[in-house]
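One structure below.
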Amino acid sequence: MKLVIASNNAHKVREIKKILSGKFDEILSLREADVWHETLEDGTTFMENALKKAREICQITGSAALADDSGICVDALDGAPGIYSARFSSAVCCNASDEMNNILLLQMLEGKENRAAHYTSAIALVYPDGREVTAEGYMYGRIIDTPRGERGFGYDPLFVMDGESRTVAEMTDEEKNAVSHRAKALDLLLSKI
């Protein structure tokens with residue numbers, strides 16, 4: 001079966017392809033499927049956004065579509081940036097970027113002792129016949145004061161998972177893909193299909 005990943009995030013697409021390798025006949029990014037569509041993420045939860053993206057791409061392509069909506073939730077910020085993780089800094093500057101998002105997060109956590117946080121990944125798989133399968137995964141840890149590491153993306157240079165001393169950005173792709181929120185959600189999804 002052909003699967004189209006409903007994302008334009010190259011880092012996310014690469015990670016999902018590695019985790020799902022061998023599980024589908026063909027796994028395509030939006031660009032590889034020649035789809036130039038951006039879903040308006042106006043849901044109030046990660047899962048609402050994931051389902052909307054997967055449904056739209058399934059309808060456009062006529063193929064099974066998989067979408068992930070994910071982000072980091074920080075306890076001291078009442079769960080922010082949450083569903084706004086990718087565009088967190090866009091409220092204070094013109095273009096959100098990983099670097100600007102990390103700078104803003106550190107500024108907002110300045111002076112706060114509670115650094116507990118977790119990554120959430122909501123995965124939705126929508127088939128052309130209307131079937132929908134969903135799953136969520138989490139990775140718990142804390143935010144550190146100074147970015148470390150060259151791998152990963154998003155908030156990975158600031159996030160240290162429970163039981164680990166390295167940031168996610170200091171882990172290899174294989175190490176991250178074995179324990180990440182996205183890997184957990186995808187494993188649960190695969191167990192349901």
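Results, tabulated for the structure shown:
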item	result
Positions within segment 124-138 being within 10 Å of residue 184 (Cα to Cα) and of a type outside the set (Ser, Thr, Tyr), in sequence order	135, 136, 137
Flag for residue 70 being in contact with a His (Cβ under 7 Å, 6 or more places away or on another chain) and buried (at least 21 other Cβ atoms within 10 Å of the Cβ)	yes
Pairs where the first residue, in segment 26-39, is part of a loop (DSSP other than H, G, I, E, B) and the second is surrounded by 19 or more Cβ atoms within 10 Å (Cβ to Cβ) and not aliphatic (A, V, I, L, M), C-beta under 6 Å, 6+ apart	33/61; 39/52; 39/53; 39/56
Selected residue (criterion: nearest to residue 187 (Cα to Cα)) from residues of segment 72-95 that are within 11 Å of the chain's Cα centre (by Cα) and touching a residue at least 60 places away in the same chain (Cβ under 8 Å)	72
In segment 81-102, the residues that are surrounded by fewer than 18 Cβ atoms within 10 Å (Cβ to Cβ), touching a strand residue (DSSP E or B) at 6+ places or on another chain (Cβ under 7 Å) and among the hydrophobic types (A, V, I, L, M, F, W, C)	none
Elements of type helices (runs of 4 or more DSSP H) in segment 78-193, at least 2 residues being modelled with pLDDT of 95 or more	98-109, 181-192
Contacts under 9 angstrom Cβ, first residue in segment 134-159 being at positive phi, partner surrounded by fewer than 16 Cβ atoms within 10 Å (Cβ to Cβ) and assigned to a helix (DSSP H, G or I), 6 or more apart	152/11; 152/173; 154/11
Any hit, segment 139-157, residues being under 19 Å from residue 69 (Cα atoms), surrounded by fewer than 18 Cβ atoms within 10 Å (Cβ to Cβ) and polar (S, T, N, Q)	no
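The values are calculated or read from the model by the stated rules, or taken from the named source; none is laboratory data. Model, not experiment: these values are computed from the prediction. Counting neighbours? That spans all protein chains shown, and the Cβs are built from the backbone with ideal geometry, glycine included.
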